[in-house]
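Structure first, commentary second.
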Amino acid sequence: MDRFAGNRTGGHPTQQSRWRAYHRENALRRVRGVTTWVTAGAATLAVALGGVFAASRALAANDQQNGTGTQQSGPQQSGGGSDDGGQNSTQQNQGNFQPPAQNPGFGGRSGSHTRSGGS
Amino acid sequence: MTRPGSTMTEPDPVGMAFDAIGTTAEVLVTEPARLDEAGALLRGELDLLDRACSRFRADSEISGLAAGAWQPVSPLLGETLAVALRAAELTDGLVDPTIGTALVTLGYDRDFAAVPRDSAAPAAPTGPAPGWWRVLLDRQGRQVLVPRGVVVDLGATAKALAADRAAALIAASCHCGVLVSLGGDVAVAGDPPAGGWRVGLGDDHTSSAPGDPVVTIVSGGLATSSITRRTWRRAGRTVHHIVDPRTGLPAEPFWRTVTVAAGNCTDANTASTAAILLGGDAPQWLAQRRLPARLVDVAGRITLAAGWPTGGNDVAGARWDRSRNGGAVVTRHVAGGER
């Protein structure tokens, strides 16, 4: 059962457009791993294989920093970015989920040390 | 307790619990003499977290961030933001820290204890979250840019991160086994007690019910997400705190409660939250990531994934319903539910 099928295929056209933009943005983030950063002088320029996306992101970041930007009304293209201060916009701690070193065992009925439940 | 092959009897772990960050904080240690020290360390860690990350405190660091400009952040807030953005990336945006506006609109705009439990005013829909990718964090995690109009909520991951941090800190300082639970998000570190840490499972971390299953863990973390707790009513409808960033609304009820084990509490919490949002796709999603999980749907039917142990009521009266993904996912319909 896909509870979200209706959201993906139905709804108002504007809503559909936002959905597509949302998932397109996520897909772009997944290829961020091929992004290359080059530092030149005082400015840091983002050079991504999808360079056009990096450029638009950099412009958006600069607009924000210079006070000329307005509230972003929709998802922005991504793939990296920079600002005049030389800060690279990126995420940290990439990688996969860390599975447990040892799966949980059955605890029997001898009581518990603590509980895990909704909070 | 006695370890296999040992003639020494170990004392049972001892613990303490107190209210903090809007939930229950609990610490257990295998060395009773270190309990006070462990409690003090946990309180200190939670105080730091609250001052850095709480959106309910006007004096918190995150509340003071100016929107639309690069701002320096403390190492703790930087780490917490990085963890939140990583969670979003790992879940393809399902666990998104930019749902803050949606939560505020739904009424969760203050410490949960102060949220009106029944409000006649309907919540105006906000639509999809702005998107986690719009929050920019510099490579070192020392500066952040939050665009104007984006409200960051770190609740989904900050609590679990705090459990991981506190457990590691206490184990290193007290040189013993430790379990930290923050509202049922459990992290363990150091040498576990004989037989492992026994964790009871249920919809509510504060109260048990007959037949609740118990599992043991020896490392990493365990987290449970549930739509039955932290609920309130708006205009006659029950809403809860797990918001779907794709809609800006509470997740549609499919799973009542999901418990996940992972290499740390942060990953367990991230996955359990995502599972609530994934609905029927969750078991396979968890199995593909080798994250053992126990999922209870709204009708009380139990699904086990990726090597979650069977036992107790999880097998009593069960019938095999389906198996897929090489047997990594099984659904067991427990006669009459669990309780």
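The values are calculated or read from the model by the stated rules, or taken from the named source; none is laboratory data. Everything numeric in this text was worked out from a predicted model, so none of it was measured. Here the Cβ is made from the backbone with ideal geometry for all residues, glycine too, and neighbour counts use every protein chain on show. Accessible surface areas use protein heavy atoms only, side chains included; no ligands, DNA or RNA. Shrake-Rupley method; radii C 1.70, N 1.55, O 1.52, S 1.80 Å.
Brief remarks on what is shown
- In region B:23-46, the qualifying residues are those that are open to solvent by 50 Å² or more (accessible area, probe 1.4 Å) and either within 14 Å of another protein chain (Cβ to nearest Cβ) or in contact with a Ser or Thr (Cβ under 8 Å, 6 or more places away or on another chain) (or both), and the one that is nearest to B:Asp12 (Cα to Cα) is B:Pro32.
- Some residue of region B:179-193 being in contact with a Lys or Arg (Cβ under 7 Å, 6 or more places away or on another chain), within 11 Å of chain A (Cβ to nearest Cβ), of a type in the set (Val, Ile, Thr) and open to solvent by 10 Å² or more (accessible area, probe 1.4 Å): no
- Meets criteria (among the aliphatic types (A, V, I, L, M) and either in contact with a Pro (Cβ under 6 Å, 6 or more places away or on another chain) or assigned to a helix (DSSP H, G or I) (or both)) for B:Leu76: yes
- Single residue of region B:144-161 satisfying the filter (modelled with pLDDT of 90 or more, touching a Pro at 6+ places or on another chain (Cβ under 8 Å) and within 12 Å of chain A (Cβ to nearest Cβ)) that is nearest to B:Asp109 (Cα to Cα): B:Val150
- Just one residue in the set B:Asp59, B:Asp19 is within 23 Å of B:Val151 (Cβ to Cβ), out of contact with any Gly (no Cβ under 7 Å at 6 or more places or on another chain) and open to solvent by 20 Å² or more (accessible area, probe 1.4 Å); that residue is B:Asp59.
- Hits in region B:277-310 - residues which are more than 10 Å from chain A (Cβ to nearest Cβ), within 17 Å of the chain's Cα centre (by Cα) and in contact (Cβ under 8 Å) with a residue 40 or more places away in the chain: B:Leu295, B:Val296
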